[in-house]
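The values are calculated or read from the model by the stated rules, or taken from the named source; none is laboratory data. The structure presented is a predicted model; accordingly, all values stated were derived computationally and were not measured. Using ideal geometry, Cβ is built from the backbone for each residue, glycine included, and neighbour counts are taken over all protein chains shown.
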Amino acid sequence: TNGASDGVRMMFQICIRSPDEATGVKDGMLVPVPQYPLYSALTTLYRGEFVPYHLNEAGGWSMTAADVKEQLDDARARGINVRGLVVINPGNPTGNCLSKDAMKDIIQLCADEGLVLMADEVYQNNIWTSTLPFHSFRKVAAEMGFKEEYDASGKGLQLVSFHSCSKGFLGECGLRGGYFELFGIDPEVRAQIVKLASISLCSNTLGQLATGLMVRPPAEGEPSYPKYKEERDAILSSLQRRAEALSTAFGKIPGMSCQPIAGALYAFPSI
């Protein structure tokens, strides 16, 4: 896809149905706040209901399954048919990273409640803390015993993971290339996704090349590896220094504070 956004757009189009003409009931999507505005915009575009869950600033912009469940129950009580949960890890625009325990709770909640978990993981290479390393939702779900094959009993996990070369050290917010990966999705739904993809043009050529290089980078022992490692380490080290300097600087300004930037490319100060 052209970055991760095209894949997100496609999955929202699949998940959000038109409002019921007789009752007016809408499908809803649980989305973090603060959030990347693509998600609220797509929910509105496809005539769905934006269902916010608020991240805990004091806890490093963390989230808990209990907080999400509270918003889910409230939305259902208001007649909203909640279809999916968006999680952005590392966070945009908050710069947070989720703990593995929190991820396990979120995965279990989605499996129990029949929610499609949409994992925006485009900043997975941009980690600035050693205490919260990146774990993909797919890996954690597999470790919990969930299967990639669709579970017709309704007890499985439905997960869509998004990644992009646009946001890490490779693309530096320039190149537009990405992909999404399906886990536990009904084969009939997969067929509809293929149809949607087939009516669109292919992703741009440079983006495809960059994405291929991202998922299959030079390996140690290959001629290009030393230069690749040098460039990768230099870019990531520079970004980490900037993250630390920025959060420290915000903390020194009277009337402002900022949680430590654990990942991604953003600081989200409190004024």
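Figures for the structure shown
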{"read-out": "GLY174 surrounded by fewer than 17 Cβ atoms within 10 Å (Cβ to Cβ), part of a helix (DSSP H, G or I) and without any contact (Cβ under 8 Å) to a residue 60 or more places away in the chain", "value": "no"}
{"read-out": "Search result, residues across segment 224-243 that are loosely packed, with under 13 Cβ neighbours inside 10 Å and under 23 Å from VAL122 (Cα atoms)", "value": "GLU230, GLU231, ASP233, ALA234, SER237, SER238, ARG241"}
{"read-out": "Condition broken by SER203, with the remaining ones in (1) under 30 Å from ALA58 (Cβ atoms); (2) touching a Lys or Arg at 6+ places or on another chain (Cβ under 8 Å); (3) hydroxyl-bearing (Ser, Thr, Tyr) satisfied", "value": "(1)"}
{"read-out": "Hits in segment 30-49 (condition: more than 21 Å from PRO90 (Cα to Cα) and either surrounded by fewer than 20 Cβ atoms within 10 Å (Cβ to Cβ) or touching an Asp or Glu at 6+ places or on another chain (Cβ under 6 Å) (or both))", "value": "THR44, LEU45, TYR46, ARG47, GLY48"}
{"read-out": "Answer residue from segment 177-204, given it is surrounded by 20 or more Cβ atoms within 10 Å (Cβ to Cβ) and assigned to a loop (DSSP other than H, G, I, E, B) and is modelled with the lowest pLDDT among those", "value": "GLY177"}
{"read-out": "Criterion (surrounded by fewer than 13 Cβ atoms within 10 Å (Cβ to Cβ) and either at pLDDT below 95 or assigned to a loop (DSSP other than H, G, I, E, B) (or both)) met by exactly one of GLY168, GLY221, GLY207", "value": "GLY221"}
{"read-out": "Selection count, segment 137-149, where residues are surrounded by 18 or more Cβ atoms within 10 Å (Cβ to Cβ) and not basic (Lys, Arg)", "value": "4"}
{"read-out": "Leading residue by the ranking (surrounded by the most Cβ atoms within 10 Å (Cβ to Cβ)) among those in segment 150-165 that are under 17 Å from ASP6 (Cα atoms) and small (Gly, Ala, Ser)", "value": "SER164"}
{"read-out": "Residue check, ARG83 of a type in the set (Lys, Arg) and over 26 Å from ILE199 (Cα atoms)", "value": "no"}
{"read-out": "Enumeration of residues in segment 24-36 that are on the phi < 0 side of the Ramachandran plot and free of Cβ contacts under 8 Å to residues at least 40 places away in the same chain", "value": "VAL33"}
{"read-out": "Residue list for segment 92-106, filter: free of Cβ contacts under 8 Å to residues at least 40 places away in the same chain, over 12 Å from the mean Cα position of the chain (by Cα) and in a loop (DSSP other than H, G, I, E, B)", "value": "SER99"}
{"read-out": "Failed item in (1) farther than 27 Å from ALA191 by Cα; (2) touching a residue at least 24 places away in the same chain (Cβ under 8 Å); (3) over 17 Å from the mean Cα position of the chain (by Cα), with ILE80 passing the rest", "value": "(1)"}
{"read-out": "Residue within segment 109-118 that is in contact with a strand residue (DSSP E or B) (Cβ under 7 Å, 6 or more places away or on another chain), touching a residue at least 24 places away in the same chain (Cβ under 8 Å) and closer than 21 Å to SER238 by Cβ present", "value": "no"}
{"read-out": "Filtered residue count, segment 119-161, keeping only those that are of a type in the set (S, T, N, Q), under 24 Å from ARG232 (Cα atoms) and outside any loop (DSSP other than H, G, I, E, B)", "value": "1"}
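Residue-by-condition table, conditions (1) within 25 Å of ASN96 (Cα to Cα); (2) touching a residue at least 60 places away in the same chain (Cβ under 8 Å); (3) touching a strand residue (DSSP E or B) at 6+ places or on another chain (Cβ under 8 Å):
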{"position": "THR129", "(1), (2), (3)": "yes, yes, yes"}
{"position": "LEU132", "(1), (2), (3)": "yes, yes, yes"}
{"position": "TYR179", "(1), (2), (3)": "yes, yes, yes"}
{"position": "ASN204", "(1), (2), (3)": "no, yes, no"}
{"position": "THR211", "(1), (2), (3)": "yes, no, yes"}
